[in-house]
Amino acid sequence: MARFGMVLVVALCLTISVFPDTTTAQLSRGFYSKTCPNVEQIVRNAVQKKVKQTFVTIPATLRLFFHDCFVNGCDASVMIQSTPKNKAEKDHPDNISLAGDGFDVVILAKKALDANPHCRNKVSCADILTLATRDVVVAAGGPSYEVELGRFDGLVSTASSVEGNLPGPSDNVDKLNALFKKNKLTQEDMIALSAAHTLGFAHCGKVFKRIYNFNGINSVDPTLNKAYAIELQKACPKNVDPRIAINMDPVTPKTFDNTYFKNLQQGKGLFTSDQVLFTDGRSRPTVNVWASNSTAFNRAFVTAMTKLGRVGVKNSRNGNIRRDCGAFN
């Protein structure tokens, strides 16, 4: 993510006409212009306050948005708490590691909106999460962009619906492309969104296989930079708690920039699903372009985030505005 200090503002006025889709025709930048005209500022203030308290808010919110949209669409179903009668999305094994700071920032922004008489129970949790995601990207030095609004909150959240719908750390390009294609996202979108791994951290348990028990021939994944592999082994000794955190980007872990792609060129992708973007000849040209052109990467990221935000959008017939982001009305 470009170095601190230089925030690239991408003035892309992305509208529905860019990517026609009848399922998202309700989305518009001015959806709350009459009901809650200050929605963006209220959410931004809540995000900035939370980011000052803890940096983890940034990668946590970004990851929460991805995990929400990839399962039943961008409808805040990942926010729902489980009940004795329903095991919700957030309690699926793939979501257990979602950091609480991402949930917290949405809840705080919702509370701030509800404190405004004009906005009380007018803004969906899905839209709050989408706005907060843009705001944390900006807070880390990434591109600013216009956010389409008008999502309703989903009425269903089940752990079983998560299975097979989220990218895994060992996925190859074929599997990644298939998963993203299901959500009307291209290979270029997939590569751009993968670069969210330039922020935040992962857990040792996710990389043990790559650095100790890769396959019958190599104990260490041969696509890993040798010096980087040694660093990972020091950070994640064999018997360490698998929940120990390690930076996704070993160079600029707190900055949204194109260093992610430069790392891949050097064999420093943390997950197999990161490094394959360089080792696979189909995706390597894009990695090389974005490693040398941060402006092109930022544009592609904004385009991909806008398209992702249109996935599985609910309307007033199959969704509602939740009074509590963690529970159905």
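The table that follows gives values for the structure above.
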| read-out | value |
| --- | --- |
| Qualifying residue in region 201-218 (condition: open to solvent by 70 Å² or more (accessible area, probe 1.4 Å), in contact with a strand residue (DSSP E or B) (Cβ under 6 Å, 6 or more places away or on another chain) and of a type outside the set (A, V, I, L, M)) | yes |
| From the options THR223, THR198, residue that is among the hydroxyl-bearing types (Ser, Thr, Tyr), touching a residue at least 40 places away in the same chain (Cβ under 8 Å) and open to solvent by less than 10 Å² (accessible area, probe 1.4 Å) | THR198 |
| Residues located in region 310-329, provided they are charged (D, E, K, R), open to solvent by 40 Å² or more (accessible area, probe 1.4 Å) and touching an Asp or Glu at 6+ places or on another chain (Cβ under 9 Å) | ARG323 |
| Checking LEU193 against (1) closer than 20 Å to ARG282 by Cα; (2) outside any helix (DSSP H, G or I), the condition it does not meet | (2) |
| Of the criteria (1) of a type outside the set (A, V, I, L, M); (2) closer than 30 Å to THR83 by Cα; (3) not in a helix (DSSP H, G or I), which one SER161 fails | (3) |
| Counted residues, region 142-158 - those being open to solvent by less than 20 Å² (accessible area, probe 1.4 Å), closer than 26 Å to PHE256 by Cβ and outside any loop (DSSP other than H, G, I, E, B) | 1 |
| Set ALA139, ALA60, ALA88, ALA115: member being surrounded by fewer than 20 Cβ atoms within 10 Å (Cβ to Cβ), on the phi < 0 side of the Ramachandran plot and at pLDDT 95 or above | ALA115 |
| Some residue of region 281-297 being under 19 Å from the mean Cα position of the chain (by Cα), on the phi < 0 side of the Ramachandran plot and not in a helix (DSSP H, G or I) | no |
| Region 161-182 - residue that is surrounded by 18 or more Cβ atoms within 10 Å (Cβ to Cβ) and within 14 Å of the chain's Cα centre (by Cα) and, of those, farthest from GLY269 (Cα to Cα) | PHE180 |
| Single residue of LYS307, LYS254 found to be touching a Phe, Trp or Tyr at 6+ places or on another chain (Cβ under 9 Å), farther than 27 Å from LEU179 by Cβ and touching a residue at least 60 places away in the same chain (Cβ under 8 Å) | LYS254 |
| Any hit, region 228-246, residues being outside any loop (DSSP other than H, G, I, E, B), open to solvent by 20 Å² or more (accessible area, probe 1.4 Å), touching a residue at least 40 places away in the same chain (Cβ under 8 Å) and of a type outside the set (Asp, Glu) | yes |
| Some residue of region 257-278 being aromatic (Phe, Trp, Tyr), part of a loop (DSSP other than H, G, I, E, B) and open to solvent by less than 10 Å² (accessible area, probe 1.4 Å) | no |
| Members of region 310-329 that are in contact (Cβ under 8 Å) with a residue 40 or more places away in the chain, of a type outside the set (Phe, Trp, Tyr) and in a loop (DSSP other than H, G, I, E, B) | ARG310, VAL311, GLY312, VAL313, ASN315, SER316, ASN318, ILE321, ARG322, ARG323, CYS325, GLY326 |
| Qualifying residue in region 175-188 (condition: outside any helix (DSSP H, G or I), over 24 Å from ARG282 (Cα atoms) and not aliphatic (A, V, I, L, M)) | no |
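The values are calculated or read from the model by the stated rules, or taken from the named source; none is laboratory data. Computed from a predicted model, the values in this text were never measured in an experiment. Every residue, glycine among them, receives a Cβ derived from its backbone with ideal geometry; neighbour counts consider all protein chains shown. The area values use the complete protein model at the heavy-atom level, side chains included, leaving out ligands, DNA and RNA. Shrake-Rupley method; radii C 1.70, N 1.55, O 1.52, S 1.80 Å.
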